[in-house]
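A.B. asks: Please see the structure below; I have some questions.
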Amino acid sequence: MDNEADVFYRQLPKVELHAHLNGSVSSQTIEKLIKRKPHLNIEHSMTAIGKGQRRTLDECFQVFKVIHQLVDTEEDILMVTTDVIREFAADSVKYLELRSTPREEKHTGLTKKGYIETVIRAIQLCKNEGLDIDVRFLVAIDRRNGAEVAMETVALAEQFLLSSDGLVVGLDLSGDPTVGDGKSLLPALERAKNCGLKLSLHLSEVPSQLEESDLLLNLPPDRIGHGTFLHPEVGGSQNLVNKVLKNNIPLELCLTSNVKGQTVPCYSQHHFNYWYQLGHPSVICTDDKGVFSTDLSQEYQLTASTFGLSHETVWKLSQQAIDCIFAPQTVKQQLKQKWIELQPQVF
Ligand code: 6MZ
């Protein structure tokens, strides 16, 4: 990790809604994976972007390919998922939505169904350990794999929506935003929505996606990942902003990821400020805490120091995130009660 967050941020109860499983693998877990697979000749420097370093978005996506080589059996997925959940719990995250793209690996016998089952098993294992964190799962579509795979993924997610005891709650659309075509994925996304899967879509992470965002906003999605280039000040449009406002679609914002991936030039120019000024629901998230060497406490502290937010305001920000979760109303009520119990007398 680049820095240690102050005690206030560390102890702040938090909700994490945008965390890609394989991007969230810590250096300790990577160490264990490297030991399991020395023949791959993978070094630590290939799996994370450290303090002060930046990469192009394209280079970030190369990093995921390296991590995928290290995580290619059910055993790996079980370890990675339990480690990631324990780490979020240790960072005072009380509710976590993990997302991951189910992968088939012919050489190890891993199937997409086995992939999701293993993630669910890991979530249940952590529950049985008594960790103070409620974890849910979003099945992810990698946009580069096209419409047919997207439809298959939705069918799979639909099965688990019915059979996972409420652990699978939704669908994520992610992957390299410069590859693939969102329009062709519309039928799959519509089907997902119709069967009751909540939708979190990466939108306008790069500037060239205006038309696609316009189309996908008509669904409408239940949450937006990044939305970096939606607003007119950065080449988006008022029409796109109006669609987001009209449907009150929360944004998942990941400051370090966007700065290290160079889609945002510096922290002070992050679009958090635009949406915060509008009073629009925005949730601070990590994206890929392993790859970008961060954690959720640091992201809250960074947001506060960059935009001059008081502890009380930061508390409200973490509390308001509860309204944006995909789990049912009863879970929201339980979390709201927890926040009331944990709230300091004075800030
Ligand atoms: C878009 C991203 C992403 O699914 O193997 N992913 N997609 N934008 C981003 N911003 C940096 N960060 C991660 O986790 C890794 C996968 O998550 C998506 C990519 O599809 C990446 O391959 P899983 O657990």
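A.B. asks: Which order results if 40, 335, 186 are arranged by neighbouring Cβ count within 10 Å, fewest first?
C.D. replies: 40, 186, 335
A.B. asks: For the chain, with only Lys/Arg (+1) and Asp/Glu (-1) charged at the beta-carbon, what is the dipole magnitude about the Cα centre, in debye rounded to 20?
C.D. replies: 280 debye
A.B. asks: Given the pairs 127/332; 112/193; 289/336; 35/112; 32/316, which are separated by over 28 angstrom at their Cα positions?
C.D. replies: Cα-Cα > 28 Å for 32/316; rest within.
A.B. asks: Based on a Kirkwood Rh over C-alpha pairs, give the Stokes-Einstein translational diffusion coefficient of region 189-254 at 37 °C and viscosity 0.692 mPa s in µm²/s. Don't jump to the answer; show the numbers that get you there.
C.D. replies: Numbers: Rh = 11.8 Å.
Rounded to a whole number, D works out at 279 µm²/s.
A.B. asks: With the dipole of region 185-313 worked out from charges on the C-beta (+1 for Lys and Arg, -1 for Asp and Glu) around the Cα centre, which of 259, 273, 242 lies farthest toward the positive end?
C.D. replies: Farthest towards the positive end: 242.
A.B. asks: Which residue, 119, 344, 60, has the largest displacement toward the positive end of the dipole of the chain when charges sit on each Cβ (Lys, Arg +1; Asp, Glu -1)?
C.D. replies: Result: 344, furthest along the dipole toward the positive end.
A.B. asks: Can you list the HN-Hα couplings for region 281-295, worked out from phi with the Karplus curve (6.51, -1.76, 1.60; θ = phi - 60°), rounded to whole Hz and with x for Gly and Pro?
C.D. replies: For region 281-295, the Karplus curve yields x, 9, 10, 6, 9, 9, 6, 9, 5, x, 5, 9, 6, 9, 8 Hz.
A.B. asks: Treat every Asp and Glu Cβ in region 192-238 as -1 and every Lys and Arg Cβ as +1, leave all other atoms uncharged, and give the resulting dipole magnitude about the Cα centre to the nearest 20 debye. Please list the in-between numbers first.
C.D. replies: Working: 3 positive and 6 negative charges, 57 e Å.
Computed about the Cα centre, the dipole is about 280 debye.
A.B. asks: Still on this structure: Loop-only chymotrypsin sites (Phe, Trp or Tyr not before Pro) in region 239-322, please: DSSP not H, G, I, E or B, and at most 14 other Cβ atoms within 10 Å.
C.D. replies: On the way: sites: 267, 272, 274, 275, 276, 292, 300, 307, 315; in loops: 292.
Qualifying residues, ordered by number: none.
A.B. asks: So what is Rg over Rh here for region 269-347, counting just Cα atoms and using Kirkwood for Rh?
C.D. replies: Working: Rg = 13.5 Å, Rh = 13.9 Å.
Result: Rg/Rh = 0.97.
A.B. asks: Return 313, 330, 256 ranked ascending by Cβ neighbour count within 10 Å, so the fewest neighbours appear first. It would help to have the intermediate numbers written out before the result.
C.D. replies: Numbers: 313 14, 330 8, 256 24.
Arranged by neighbour count, lowest to highest, 313, 330, 256 become 330, 313, 256.
A.B. asks: Among 20, 182, 130, whose Cα sits farthest toward the positive end of the charge dipole of the chain (+1 at Cβ of Lys/Arg, -1 at Cβ of Asp/Glu, about the Cα centre)?
C.D. replies: Of 20, 182, 130, it is 130.
A.B. asks: For region 20-98, which GluC sites (Glu not before Pro) are in a loop by DSSP, counting at most 16 other Cβ atoms within 10 Å? Working shown, then result.
C.D. replies: Numbers: sites: 31, 43, 59, 74, 75, 87, 97; in loops: 43.
Qualifying residues, ordered by number: 43.
A.B. asks: If you don't mind, another one. Ranking request for peptides 8-16, 242-250: highest mean number of other beta-carbon atoms within 10 Å first, then the rest in descending order.
C.D. replies: In decreasing order of mean packing, 8-16, 242-250 become 8-16, 242-250.
Every read-out reported here was derived from the displayed coordinates using simple, explicitly stated rules and does not represent laboratory data. This one's a predicted model, so the numbers in the text were calculated from it and none came from an experiment. Heads up, the Cβs are rebuilt from the backbone with ideal geometry, glycines too, and the neighbour counts pull from every protein chain shown.
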